[in-house]
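The values are calculated or read from the model by the stated rules, or taken from the named source; none is laboratory data. Please read these numbers as outputs of a predicted model, since none were measured by experiment. Glycine gets a Cβ as well: all are built from the backbone with ideal geometry, and neighbour counts include every protein chain shown.
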Amino acid sequence: MRIDVFVDESGDLGFNPRSSKIFAVSYFITQDTERIRINTKRLLKRINNKYKRTISEFKFSKDSHEVRMKFFNLIKRMDILVGCVVIEKMAVKDELKERPLILYNYLTVNYVITNILSLYEPTRILFIVDRSLSKESIMKFNNYLKGKISWKSFVMNKDEPDIDVCHLNSQDEH
């Protein structure tokens, strides 16, 4: 069974006075990406036609309450598992504040992989994450993800699934 995972973050991992107060990672897991893509495109088209707009993606912070509700009503009818990880950055240990990539990798991988392996028996995982990292950081992220899957599979006594990782701009993945 193939599982597709879409991960996106909100906020930043800076720790200066102008930085966001929280950092959030949201994700959804599905076995039917194509159906979700079709339904989402149809909803965008209906919204654009109704409001004479040309939005290309849903942006919670910018969308109206009505658009948000239409989107929520759509996703509650789809076969997906939605999750999020939110941290208050004041609570982050000092040593992690100096190594934000380690914190980022942990927050975007650990809980997601734990949920996948707890709830499914995947043979293959497509892990799609928003492109926000440098080339070097992408390599480190991919290695961390593969190592985490291997370790969690071993600890949970599960068969280790194959993994494909894609780093895409969120505008490209709709």
Note to self: Which condition from (1) surrounded by fewer than 17 Cβ atoms within 10 Å (Cβ to Cβ); (2) closer than 30 Å to ARG42 by Cβ; (3) in contact (Cβ under 8 Å) with a residue 40 or more places away in the chain is the one that VAL92 breaks?
What the structure shows: (2)
Margin query: Could you go through the stretch 19-42 and let me know if any residue there is among the aromatic types (Phe, Trp, Tyr) and within 22 Å of ARG124 (Cα to Cα).
Written below: yes
Next item on the list: Please enumerate the residues belonging to the stretch 111-158 that are among the charged types (D, E, K, R), over 24 Å from ASP79 (Cα atoms) and within 15 Å of the chain's Cα centre (by Cα).
Entry: ARG131
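Mind listing whichever residues of the stretch 144-168 are part of a helix (DSSP H, G or I), among the hydrophobic types (A, V, I, L, M, F, W, C) and either on the phi > 0 side of the Ramachandran plot or surrounded by fewer than 16 Cβ atoms within 10 Å (Cβ to Cβ) (or both)?
We begin by selecting, within the stretch 144-168, every residue part of a helix (DSSP H, G or I); these are 144-155.
Among the residues that remain, those that are also among the hydrophobic types (A, V, I, L, M, F, W, C) are: 145, 149, 151, 154-155.
Matches in the stretch 144-168: TRP151, PHE154, VAL155.
Residues of the stretch 27-52 being more than 27 Å from VAL86 (Cβ to Cβ) and charged (D, E, K, R), which ones? First the steps, then the outcome.
Keep residues of the stretch 27-52 that are more than 27 Å from VAL86 (Cβ to Cβ), which gives 34-35, 38, 41-42, 45-52.
Once the filter is applied, which keeps residues that are more than 27 Å from VAL86 (Cβ to Cβ) and charged (D, E, K, R), the stretch 27-52 yields GLU34, ARG35, LYS41, ARG42, LYS45, ARG46, LYS50, LYS52.
Here's the yes/no breakdown for (1) polar (S, T, N, Q); (2) assigned to a loop (DSSP other than H, G, I, E, B); (3) at pLDDT below 95:
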site: LEU101; (1), (2), (3): no, no, yes
site: PRO122; (1), (2), (3): no, yes, no
site: ILE125; (1), (2), (3): no, no, no
site: SER132; (1), (2), (3): yes, yes, yes
site: GLU136; (1), (2), (3): no, no, yes
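Of these, ILE75, ILE80, ILE3, ILE29, which one is surrounded by 15 or more Cβ atoms within 10 Å (Cβ to Cβ) and touching a Lys or Arg at 6+ places or on another chain (Cβ under 8 Å)?
Numbers: ILE75 fails: touching a Lys or Arg at 6+ places or on another chain (Cβ under 8 Å); ILE80 fails: touching a Lys or Arg at 6+ places or on another chain (Cβ under 8 Å); ILE29 fails: touching a Lys or Arg at 6+ places or on another chain (Cβ under 8 Å).
So the residue among ILE75, ILE80, ILE3, ILE29 that is surrounded by 15 or more Cβ atoms within 10 Å (Cβ to Cβ) and touching a Lys or Arg at 6+ places or on another chain (Cβ under 8 Å) is ILE3.
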Check: Residue check, PHE71 against (1) touching a helix residue (DSSP H, G or I) at 6+ places or on another chain (Cβ under 8 Å); (2) at pLDDT 90 or above, all met but one. Which one?
Finding: (2)
Check: When both residues are 6+ apart or on different chains and their Cβ atoms are under 6 Å apart, which pairs have a first residue that lies in the stretch 108-132 and is within 15 Å of LEU81 (Cβ to Cβ), and a second that is in a helix (DSSP H, G or I)?
Finding: ILE113/LYS148; ILE113/ILE149; ILE113/LYS152; LEU117/LYS152
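Any idea which of ASP79, ASP94 is farther than 26 Å from LYS21 by Cα and not hydroxyl-bearing (Ser, Thr, Tyr)? Even if it seems obvious, please write down each step before you answer.
On the way: ASP94 fails: farther than 26 Å from LYS21 by Cα.
The conditions single out ASP79.
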Check: Residues in the stretch 10-32 that are modelled with pLDDT of 90 or more and outside any loop (DSSP other than H, G, I, E, B): how many?
Finding: 9
Check: For residues in the stretch 79-96 being outside any helix (DSSP H, G or I) and over 17 Å from the mean Cα position of the chain (by Cα), which is farthest from ASN39 (Cα to Cα)?
Finding: LYS93
Next item on the list: From LYS158, LYS135, grab the single residue that is in contact with a helix residue (DSSP H, G or I) (Cβ under 7 Å, 6 or more places away or on another chain) and of a type in the set (Lys, Arg).
Entry: LYS158
Note to self: Of all residues being of a type in the set (A, V, I, L, M, F, W, C) and outside any loop (DSSP other than H, G, I, E, B) in the stretch 33-68, which is surrounded by the fewest Cβ atoms within 10 Å (Cβ to Cβ)? Just the residue, please.
What the structure shows: ILE38
